[in-house]
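A.B. asks: Got a structure here, written out as structure tokens. Questions coming.
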Amino acid sequence: MLFTTILERVNKLLRINIEDIRNYCLQKKGAEECFPFDEETIVFKVAGKMFLLANINSNPLTFNVKCETQKALELREKYGFVLPGYHMNKTHWNTIICNEKAHIKLLLSFIDDSYNLVLHSLSKKTKRNFLLD
């Protein structure tokens, strides 16, 4: 019983929180945060395009990230904490539930993939201007 309690506390410490996500997103070149929908939904954009949004009060923490279509389906099949994007285009967005099975390194890779996908979708002119900044 004691081992289970300690393990639960360690798992809580290893879970990502909204401040971790915020800090990670804002470290990315050109990333900006805003609250365009309401006071609870934080949105991160690069060059004006969303790459992550999250409800700052959700428990457990969940966030939506953009994903390539085929990879989105594969991730949903592989991980129980990856779902079709809530209130989003389910073809291109996944909702990630940050529970004890969601390792931080994997969660950060989802954020990286989303950021890079949005960055690569920009027009040549926007990319050029973005890289010059």
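A short reminder: the numbers here are calculations on the coordinates, not readings from a lab. For clarity, every value in this text was computed on a predicted model and none was experimentally measured. Here Cβ is always computed from backbone atoms with ideal geometry, including for glycine, and neighbour counts include all displayed protein chains.
A.B. asks: So what J values fall out for segment 44-58 if you push phi through Karplus, 6.51 cos²θ - 1.76 cosθ + 1.60 with θ = phi - 60°, rounded to Hz, Gly and Pro as x?
C.D. replies: Taking θ as phi minus 60°, the curve returns 10, 10, 10, 6, x, 10, 5, 10, 7, 9, 8, 8, 5, 10, 5 Hz for segment 44-58.
A.B. asks: Here's something else I'd like to know. Which angle from 0 to 90°, rounded to the nearest 10, does the C-alpha axis of helix 104-121 make with the longest principal axis of the chain?
C.D. replies: 10 degrees
A.B. asks: Whose amide H sits under 5 Å from the amide H of Trp93, counting only residues 5 or more places off or on another chain, with H placed in the peptide plane?
C.D. replies: HN-HN under 5 Å from Trp93: Cys67, Gly85.
A.B. asks: Of the cross-linked pairs Lys45/Lys71; Lys28/Lys124; Lys29/Lys124; Lys29/Lys78; Lys29/Lys101; Lys101/Lys127, which ones have a Cα-Cα span greater than 27 Å in the structure shown?
C.D. replies: Working: Lys45/Lys71 21 Å; Lys28/Lys124 19 Å; Lys29/Lys124 17 Å; Lys29/Lys78 30 Å; Lys29/Lys101 29 Å; Lys101/Lys127 36 Å.
Distance filter (> 27 Å) returns Lys29/Lys78; Lys29/Lys101; Lys101/Lys127.
A.B. asks: Output the peptides 115-127, 60-72 sorted from most to least packed, where packing is the average of other Cβ atoms within 10 Å over each peptide's residues. Mind dumping the intermediate values first?
C.D. replies: Working: 115-127: 13.9, 60-72: 18.6.
Answer by packing, highest mean first, reads 60-72, 115-127.
A.B. asks: Output ³J(HN,Hα) for segment 76-92: one whole-Hz value per residue in order, computed from phi by the Karplus curve 6.51 cos²θ - 1.76 cosθ + 1.60 with θ = phi - 60°, and x for Gly and Pro.
C.D. replies: 5, 6, 7, 10, x, 8, 10, 10, x, x, 5, 6, 10, 5, 5, 6, 10
A.B. asks: Moving on. Would you compute, for the Cα atoms of segment 82-133, the largest minus smallest coordinate along each principal axis and list the three values in descending order, in whole Å?
C.D. replies: 41, 24, 11
A.B. asks: Order the peptides 84-92, 51-59 from the highest to the lowest mean number of other Cβ atoms within 10 Å of their residues.
C.D. replies: Details: 84-92: 14.1, 51-59: 18.1.
Ranking the peptides 84-92, 51-59 by packing returns 51-59, 84-92.
A.B. asks: Then there is this: For Rg/Rh (Cα atoms, Kirkwood Rh), the listed values are (1) 1.07; (2) 1.15; (3) 1.01; which was obtained by calculation from the structure presented?
C.D. replies: (3)
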